[in-house]
Every structure is written in structure tokens, then in C-alpha cells.
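The values are calculated or read from the model by the stated rules, or taken from the named source; none is laboratory data. Everything numeric here is computed off the predicted structure, so don't read it as measured data. Positions of Cβ are backbone-derived with ideal geometry, glycine not excepted, and every protein chain shown enters the neighbour counts.
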């Protein structure tokens, strides 16, 4: 049984074909650099649509990703939504499963000012998580730099995030949730405690009280990523059990104290007996 995403994808394909926006299913596949035979398998509901095919179809035919993944109308993006859309690079493995691109601290300034080309971005480390929620949508992970969000996250932690399309910044941002905000000069991890208001600014909160809140003009924001998971280094804690040598020494001390207690008790008895004989 095909997934709901595949069913909605087929619905978009059928709409394009019925309205003569594409000549044929073969043309649709070729424009997406996809094998017509593989597309036929999807249309016959014998296999599911891939993330890469969804991405290409969204770019080429203005299919609304929110319709595909969430069932939210409209089926296709409006011209305003298209202008606000930002295309982000994705990487898939040999099984067409989308990988999470990791942006390390040393690459974040280049990532922010958009100097990383598509090819360079694809050279960054990638990984996947054993969770179906990361099979849909676009995801990134970022190194935490600095202490602005302590104690929620610490420097050296990593956060895994889901991309928020610019057209949904006014409606999809969640109050008091943590986001990665990419400006033209920086990558910030902050908590959002107010929505975009009439002056087109957003209020960003640091969990570390040492830092002040700030308001940021949305025109300066390039990307917003909703933080879903944090990955922290495992810190070795001391074991509740003692080391064998220390444990033996502790037992010897206990035995010595016990023996001394017996000697003191015997001495007290002798002294009491002597006192009774007087």
C-alpha cells in the first residue's frame, strides 16, 4: 500500500496531466531526470515516491511540499509563495534515502554568507537517524558554538533540525521552541518567544541569563531550522563500585576497626572485673 505522500504525489501528477501542463507521464519523468519505468511503478502504486523526486517536482512544477507531506492546501504554490521559497540542497544515499547534512562549527560562517556552493555543501559530513520522522522534509544538524543556550545545550553538542519554509514563518513557528536562525553573517541557536509582528521582527531568547534578548529583522534571516534533537557527548561518570584494590583496602580497614573494637570491649570487661574484686 503506497504512503500518503505517494498518493498526493500521484494526485499532483494527474492534475498536471489533466490540465495539459505536461504532455505525458514520460515527459514528466524526463523533466525530473527520473526513469519513466520507475515513475510508472509509482503511478501504479507498486512503490513509493522518493524524497529526491519530491524535491525535484516541487522545484520544477511548484508542487507545495506541505500538501505532499501534511495534506495542507493548496496543491501548488502561489507566485508569492514561490518568490519566498528558498531551495536548500539535499543529499541522498544509494538507496535514495535523504541524508542529514552536518554543518560543523568551522563551516558555519561560510554557510551563513552563502559562500558554500552546492558541490561544497555536499562534501560536508552526512548521516541518518533510525527514525521515520527524518524520512520526510529537509534536515540539517549544526554544532553548538558558545554558551548562549546553556543549560539547554552546551558548546560541543549537536542539534538536528527540520527546515521551515519562509512562506510559513508567520504561521508555523512555535512559541518557546528552540530554532537555528541563519543570517547573512551568523548561525544562531535561540529560543523564540514571540511571533513575527507588524514591524517584521522576531524576538530571540538566550537560555543563559548572561545574554540579553534581541529582536531581529526577518529581512536579515536566510533560513530557519526547527530544533528536534540534541546530540551530547557522553561524559564518563565514576562508578558506584570501588576499584578492586581500593575495595580490598577498605575491607581490611573495616576488619582492623572491628578487631580493635573487640579488644577495647575485652579490656573494659577486665577493668570492670578488677573493680568488682576491690
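Does at least one position in region 68-75 carry a residue that is touching a strand residue (DSSP E or B) at 6+ places or on another chain (Cβ under 6 Å), under 23 Å from residue 223 (Cα atoms), modelled with pLDDT under 90 and surrounded by 12 or more Cβ atoms within 10 Å (Cβ to Cβ)? No, that holds for no residue. The residue that is farthest from the chain's Cα centre (by Cα), among those in region 151-166 that are crowded, with 17+ Cβ neighbours inside 10 Å and under 19 Å from residue 235 (Cβ atoms), is 152.
Taken as a whole, the structure leaves residue 155 outside the set of residues that are outside the structural domain of residue 57 (by TED's automatic domain parsing), in contact with a helix residue (DSSP H, G or I) (Cβ under 6 Å, 6 or more places away or on another chain), over 21 Å from residue 55 (Cα atoms) and in a loop (DSSP other than H, G, I, E, B).
The residue of region 115-134 that is surrounded by the fewest Cβ atoms within 10 Å (Cβ to Cβ), among those that are touching a strand residue (DSSP E or B) at 6+ places or on another chain (Cβ under 7 Å) and not in a loop (DSSP other than H, G, I, E, B), is 127.
Output yes when any residue across region 90-102 is in the same structural domain as residue 167 (by TED's automatic domain parsing), modelled with pLDDT of 85 or more and either surrounded by fewer than 12 Cβ atoms within 10 Å (Cβ to Cβ) or within 19 Å of residue 59 (Cβ to Cβ) (or both), and no when none is. So far as region 90-102 goes, yes, one or more of its residues are in the same structural domain as residue 167 (by TED's automatic domain parsing), modelled with pLDDT of 85 or more and either surrounded by fewer than 12 Cβ atoms within 10 Å (Cβ to Cβ) or within 19 Å of residue 59 (Cβ to Cβ) (or both).
Conditions (1) within 34 Å of the chain's Cα centre (by Cα); (2) over 25 Å from residue 100 (Cα atoms); (3) at pLDDT below 90, marked per residue:
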position	(1), (2), (3)
4	yes, no, yes
8	yes, no, no
11	yes, yes, no
20	no, yes, yes
34	yes, no, no
48	yes, no, no
52	yes, no, yes
55	yes, no, yes
